[in-house]
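**Student:** Take this structure, written in structure tokens, and hold onto it; I'll ask about it next.
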Amino acid sequence: DEILDTESERKHALMLLDVQRFRDINIQYGSGNADRVLQEIAMLIRKYFRANDIVARIEGDLFCIFMTAVPSKDMVVNKCKQLYDKMQELSVEGITERPEVTIGVTVTQKGDRSFEKVYKNAKKALKKAKEQNDGNIAIYP
């Protein structure tokens, strides 16, 4: 809330990245190998975002990326597409399945001050992305 409160006139973006079929990877390859998959995903995410962006694993297979002061929604969408494409190339030694990801993203509007509202919008986008048949990235609203 602090960033949204002090910089409410700027646009920010919140992305939720869900690793699909992670449970299957965990069962098939074991928790140690599944952890390596998550570590590789985390390193790849970190490479694609700025040092001042906040990246966190918030649940077992769910990552959160908060980008501050984004110039436009298009820039955020392009960043998501680049990350999604790189995820398709991700390879972890000893694991034949490539992890697939779904990304939900929301860009704040001027005056947005509630992180809870922004998070709910990102969750809606993630749900929309999971329901789409033509892609794994969705934006809300």
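**Student:** Kindly express, to the nearest 10 degrees and within the range 0 to 90, the angle between helix 73-89's C-alpha long axis and the longest C-alpha principal axis of the chain.
**Tutor:** Helix 73-89 and the main axis of the chain meet at about 10 degrees.
**Student:** Treat each spin label as a single point 7 Å out from the Cα along the C-beta direction, and report the R98 to K123 distance in nm.
**Tutor:** 3.1
**Student:** While we're here: Select from E89, E100, E40 the residue whose mean-square fluctuation is largest in a Gaussian network model of the chain (Cα-Cα springs shorter than 10 Å).
**Tutor:** Highest fluctuation of the listed residues: E89.
**Student:** Now, a different point. Using a probe of 1.4 angstrom, how much of the accessible area of the range 85-132 is carbon and sulfur, in percent? Provide the component values of the computation, followed by the final result.
**Tutor:** On the way: 1230 of 2750 Å².
Here carbon and sulfur together make up 45 percent of the probe-accessible area.
**Student:** Considering the dipole of the chain built from charges on the beta carbon (Lys and Arg +1, Asp and Glu -1) around the Cα centre, which of T96, L126, G32 is farthest to its positive end?
**Tutor:** Most positive-ward Cα: L126.
**Student:** Continuing with the same structure: To test your reading of the geometry: what angle, between 0 and 90 degrees and rounded to tens, separates the Cα axis of helix 31-48 from the longest principal axis of the chain?
**Tutor:** 40
**Student:** What residue among G60, G111, G32 shows peak mean-square fluctuation when the chain is described by a Gaussian network model with Cα springs under 10 Å?
**Tutor:** Evaluated over the chain, the most mobile residue of the options is G32.
**Student:** Let me ask another. Using a 1.4 angstrom probe, figure out how much accessible area the chain has per residue, in square angstrom, rounded to the nearest whole.
**Tutor:** Using a 1.4 Å probe on heavy atoms only, each residue of the chain averages 56 Å².
**Student:** Here's a follow-up. What residues of the range 95-120 lie in the reach of a label at R50, counting those whose backbone N is under 16 Å from a point 7 Å from the Cα along Cα→Cβ?
**Tutor:** Flagged as within label range: 107-108.
**Student:** In the range 69-141, which chymotrypsin sites (Phe, Trp or Tyr not before Pro) fall in coil by DSSP and have 11 or fewer other Cβ atoms within 10 Å?
**Tutor:** Hits after loop and neighbour filter: nothing returned.
The values are calculated or read from the model by the stated rules, or taken from the named source; none is laboratory data. In this text, all values refer to a predicted model and were calculated from it rather than measured experimentally. Cβ: placed from backbone, ideal geometry, glycine included. Neighbour counts: every protein chain shown. Each accessible area value is taken on the protein alone, full model and side chains, heavy atoms only, with ligands, DNA and RNA left out. Shrake-Rupley method; radii C 1.70, N 1.55, O 1.52, S 1.80 Å.
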